[in-house]
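Accompanying notes for the structure given below.
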Amino acid sequence: MIVTPEGIQYRVLWLPDNPRMLPQTLEKLYALIRAGATVIGDAPHGLATLSDAVAAQQRFETAVENIWGKTPKRGIRPIEKGAIVSGMTIDEALSELNIQSDVSGGEALWMHRSIDGADWYYVCAPKGGGFSGTLDFRSTGHVEIWDPLTGTITAAEARRNGNRSLVTLDLPQAGSCFVVFRKNSKSATTNLNGATLNEVELETRNPKLILLTSPWTLAFPDGWGAPSTLRVTALKAWKDLDVSDEAKAFSGTVAYTTTFDADEIKPEMCFSLDLGRVEMIAAVSLNGKPLRTLWTPPYRLDITEAIQSGVNTLTVEVTGTWFNRLVYDAGQPEDQRKTWTIAGPEKDEMLRESGLLGPVSITTWMSLIE
């Protein structure tokens, strides 16, 4: 373990692909390696500065040679107390160094920070998709899942495998969470054969899914060529509604309102609303009480505090982007346009889906938590 004067600790450093680097960065890496750090990464291809070019180039070449040698090779190159590992992937390098991967089991991205009494992992879905699966963490203890959107903390079950823990996560596209392992507290883990499970009272009973199938009333703002109100029996993108071409290209905020019957509400009952697909932002109110604004999947929230026995009125204000209106205005004479932009879409571009697309549902369950 190397501790710098700044108090930063290093054992193994990984350098992502860096085509260009500053000479002072390389010199700092060289000092860390000599002091005992192991660095994984290939030599940069060039200099990342034009300042004092001749001297900087000389420092750059010297530092590269000091770290990777005159002819960089695949493998481990010892340098005083440390080493440089090059010509291989991070997984290959860790295997070569006989170091367990901190997190394995999927393509989710992560960062790890250790503090007294806990290990914190920030986990996010890979670019372009979600993540659903089990990750293998090199940590043990009582596991909590922290939601960065809502701030809610949920105890999670983990399966122990020696000094590692398997935790199942379900992240939507662009979703993320904190996985926190707390030491010296009641464990919610079990070993791989299912023994020694300490129950955490997060169980529910009688879960029930209710689809909202009543008609919706859409309210559009004035001045944009859309009807003031429109009643629909099925949720569609604005561009697919039975309205004028200008209304199909509406960009802005539309208020969706519907009703549903919740029967008799009991104190131990919990309710969650799932809006399904939304393009792009949804502000939710129930029975006139504003709840939350949702701007990323999953478009889901707890409505227990606002739901009431009998008929409930749900309002969802959905805001889309300006893209469709810009497309529409691009095909209009300038004196009839309502939007202007320096570099917008062309008039023949396809309109994008905007609005509340659903399906909208409510999940209700009986909580066992006292």
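Things worth noting here:
- The chain, relative contact order in percent, only Cα pairs under 8 angstrom and at least six apart counted: 12
- Stretch gain in nm, segment Asp52-Lys70, where the contour uses 0.36 nm per residue and the Cα spacing is subtracted: 4.1 nm
- Segment 54-113, relative contact order in percent, only Cα pairs under 8 angstrom and at least six apart counted: 17
- Each residue of segment 69-82 was assigned a 3J(HN,Hα) from its phi angle through the Karplus curve 6.51 cos²θ - 1.76 cosθ + 1.60 (θ = phi - 60°); the sequence is x, 5, 10, x, 10, 6, x, 9, 10, x, 9, 6, 7, x Hz, with glycine and proline shown as x.
- Of Lys127/Lys236; Lys289/Lys347; Lys127/Lys248; Lys183/Lys289; Lys28/Lys70; Lys236/Lys347, pairs whose Cα-Cα distance is over 29 Å: Lys289/Lys347; Lys127/Lys248; Lys183/Lys289
- Every Cα-Cα pair of the chain was included, and the share exceeding 33 Å stands at 54 percent.
- Taken about its Cα centre, segment 234-370 carries a charge dipole of roughly 200 debye when the Cβ of each Lys and Arg holds +1 and the Cβ of each Asp and Glu holds -1.
- If only the Cβ of Lys and Arg carry +1 and only the Cβ of Asp and Glu carry -1, the dipole of the chain around its Cα centre is close to 1000 debye.
- Our summary gives segment 2-96 a relative contact order of 31 percent, counting only alpha carbon pairs under 8 angstrom and 6 or more residues apart.
- Placing unit charges on each Cβ (+1 for Lys and Arg, -1 for Asp and Glu) gives the chain a dipole about its Cα centre, and among Trp365, Thr321, Cys177 the Cα reaching farthest toward its positive end belongs to Cys177.
- Amide H to amide H, with H built 1.01 Å from N, Arg277 comes under 5 Å of Leu357, Gly358, counting only residues 5 or more places away or on other chains.
- Phi-derived couplings, Karplus 6.51 cos²θ - 1.76 cosθ + 1.60 at θ = phi - 60°, listed residue by residue for segment 358-366: x, x, 9, 9, 10, 9, 10, 8, 9 Hz, with x used for Gly and Pro.
None of the figures in this text is laboratory data; all of them are computed from the coordinates on show. If you're wondering where the values come from, they're calculated on a predicted model, not measured in any experiment. Cβ sites come from the backbone with ideal geometry, for glycine too, and all protein chains shown count toward neighbours.
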